[in-house]
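Read the structure below first, then the notes.
The values are calculated or read from the model by the stated rules, or taken from the named source; none is laboratory data. Just so it is clear, the structure is predicted and the values come from calculations on it, not from any experiment. Every residue, glycine as well, gets a Cβ built from its backbone with ideal geometry; the counts of neighbours run over all protein chains shown. Areas reflect the complete protein model, heavy atoms only, side chains present, ligands, DNA and RNA absent. Shrake-Rupley method; radii C 1.70, N 1.55, O 1.52, S 1.80 Å.
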Amino acid sequence: MAREVSGPFYVMYVADSDERALFRCPDGPNEGCAIDGLPGPDVFAAGGNATYIVVARHRAGRDEYFYFRRVAEERRGWGANPEVIVGPLGKPEFDAASKQLELPALIDFSR
């Protein structure tokens, strides 16, 4: 099952696994999706707006948080201008960045 974060980004199950990851799906969640270094697996929350994508995952017994600024090339391939992913961050560091940058809210996808 694909859960849209903010097109073209979706949280979906990794093939043959019960783990969720963030995927980039330029043509929608049913074809041509790729992880391409995005945060995952074990994603439990994500969010997006016109400027940023945020992701949270539970890994090795702790929660980790990531964010990245969106780039114009996200729908047709990153090429020489990939997103710069910040993280993993702890909750205090993520909360500080969220306040400073006005990051979007995380939506819990674990249910």
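Applied to the range 36-44, the Karplus parametrisation 6.51 cos²θ - 1.76 cosθ + 1.60 on θ = phi - 60° returns per-residue 3J(HN,Hα) values of 6, x, 6, x, x, x, 6, 6, 10 Hz, with x for Gly and Pro.
Just checking the listed ones, V54, V86, V11: in the Gaussian network model of the chain with Cα springs under 10 Å, the one fluctuating most is V86. Among P41, P92, P26, which one shows the biggest mean-square fluctuation in a GNM of the chain, springs joining Cα atoms closer than 10 Å? Of the options given, P92 has the highest mean-square fluctuation. Exposed loop sites were defined as GluC sites (Glu not before Pro) in DSSP loop states (anything but H, G, I, E or B) carrying at most 15 other C-beta atoms within 10 Å; in the chain the longest segment without such a site runs 32-101. First measure r as the distance between the Cβ atoms of D36 and D95, then evaluate 1/(1 + (r/R0)^6) with R0 = 35 Å and state the FRET efficiency to the nearest 0.05. It comes to 0.80. Using θ = phi - 60° in the Karplus curve 6.51 cos²θ - 1.76 cosθ + 1.60, the 3J(HN,Hα) couplings for the range 58-72 round to 10, 9, 6, x, 9, 8, 10, 10, 9, 8, 8, 7, 5, 10, 4 Hz; x is entered for Gly and Pro. Which residue, D36, D18, D63, has the most motion in a Gaussian network model of the chain that connects Cα atoms within less than 10 Å? Of D36, D18, D63, the most mobile in the Gaussian network model is D18. The Rg/Rh ratio of the chain, with both radii computed over alpha carbons and Rh defined as the Kirkwood radius, is 0.94. Think of a 1.4 Å ball rolled over the protein heavy atoms: the range 19-111 then has 55 Å² of accessible area per residue. What a 1.4 Å probe finds exposed on the chain is 48% carbon and sulfur by accessible area, rounded to a whole percent.
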